[in-house]
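What follows is one structure encoded as structure tokens, with my remarks underneath.
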Amino acid sequence: MMDSSMQEPFQLYDFDFKKHLEDYFSGHGKEGLFIDLSVGSLVDHLSTANKYFKDIIVLKARERDFKDMKILVDTGKLHVEKEGNCDHGKPTIQSLLKIDPEKENMTEPKTLPPADVVFTAGLLDVISKDEKNFLKLVRKIRKSLKLGGHLLLFGTINVTHMKVGEEKLNVFNYNEDFVRKALTKEKFIIEDQMKTVETPHVKSVIFLTAHKQK
């Protein structure tokens, strides 16, 4: 096996989030609020969320990601819903917000309504400094959900770097056992078994679904 320092970083944009969300939500009725809390400027999965949710809010923690998403809005590739102005041919969001993960209310000064689903891909990996920081972020996500609301978490395991487009990022290195314990500690009920995606050198991606304990 190739040494971990020589492994090709996982490329976030190569993963088919749209397909996995479609598989998960098929059979669900139209729900309320979907919050997207991911790294990079992922868009394709939002068209799937459109089919199952009345409102979508996209939150960006990094300034670069926020600016990239704003460009997509400004160029018409991502539609921000306004009263009397809805283009159902494009992924439609209620709002795009820059957040501060260090604050207790990450969207301060705004307070968002509790979400039915929070989807996160890669963000906890990129902004977590250590186990304690990861747990703190999971706790904040839990607070943003309704009782019984769902967390859909895509993350990298047993890796130290990730690529988001051309950008190579250091990531918090954790394993399956850690993320299971983290979610359980923060009063999430894990619903599905971990789904992992094999690369030639390492198990690198998990898709976990859990709900906020009532």
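Order of 32-43, 93-104, 48-59 by packing, highest average Cβ count within 10 Å first? Show your work: numbers first, answer last.
Numbers: 32-43: 22.8, 93-104: 15.3, 48-59: 20.4.
Packing proxy ranking, top to bottom: 32-43, 48-59, 93-104.
Between rounded, prolate and oblate, where does the stretch 88-166 land on the alpha carbon gyration tensor, with a ≥ b ≥ c its root eigenvalues, rounded for a/c under 1.5, else prolate if a/b exceeds b/c? Don't jump to the answer; show the numbers that get you there.
Values: a/c = 1.61, a/b = 1.21, b/c = 1.33.
Cα axes put the stretch 88-166 in the oblate bin.
Give me the number: length gained by fully extending I189 to E8, i.e. 0.36 nm times residue separation minus the C-alpha to C-alpha distance, one decimal in nm. Please list the in-between numbers first.
On the way: separation 181, 0.36 × 181 = 65.16 nm, distance 3.31 nm.
The span from I189 to E8 would gain 61.8 nm if fully extended.
What are the ³J(HN,Hα) values, in whole Hz, obtained from phi via the Karplus relation 6.51 cos²θ - 1.76 cosθ + 1.60 with θ = phi - 60°, for each residue of the stretch 181-190 in sequence order, with x given for Gly and Pro?
5, 4, 5, 5, 4, 8, 6, 9, 9, 6
Answer rounded, prolate or oblate for the stretch 96-214, using the Cα gyration tensor with square roots of eigenvalues a ≥ b ≥ c: rounded when a/c is under 1.5, else prolate when a/b is larger than b/c, else oblate.
It comes out oblate by the Cα gyration axes.
Values in this text are rule-based calculations from the coordinates and carry no lab data. What you see is a predicted model, and the numbers here were worked out from it, not measured in a lab. Here the Cβ is made from the backbone with ideal geometry for all residues, glycine too, and neighbour counts use every protein chain on show.
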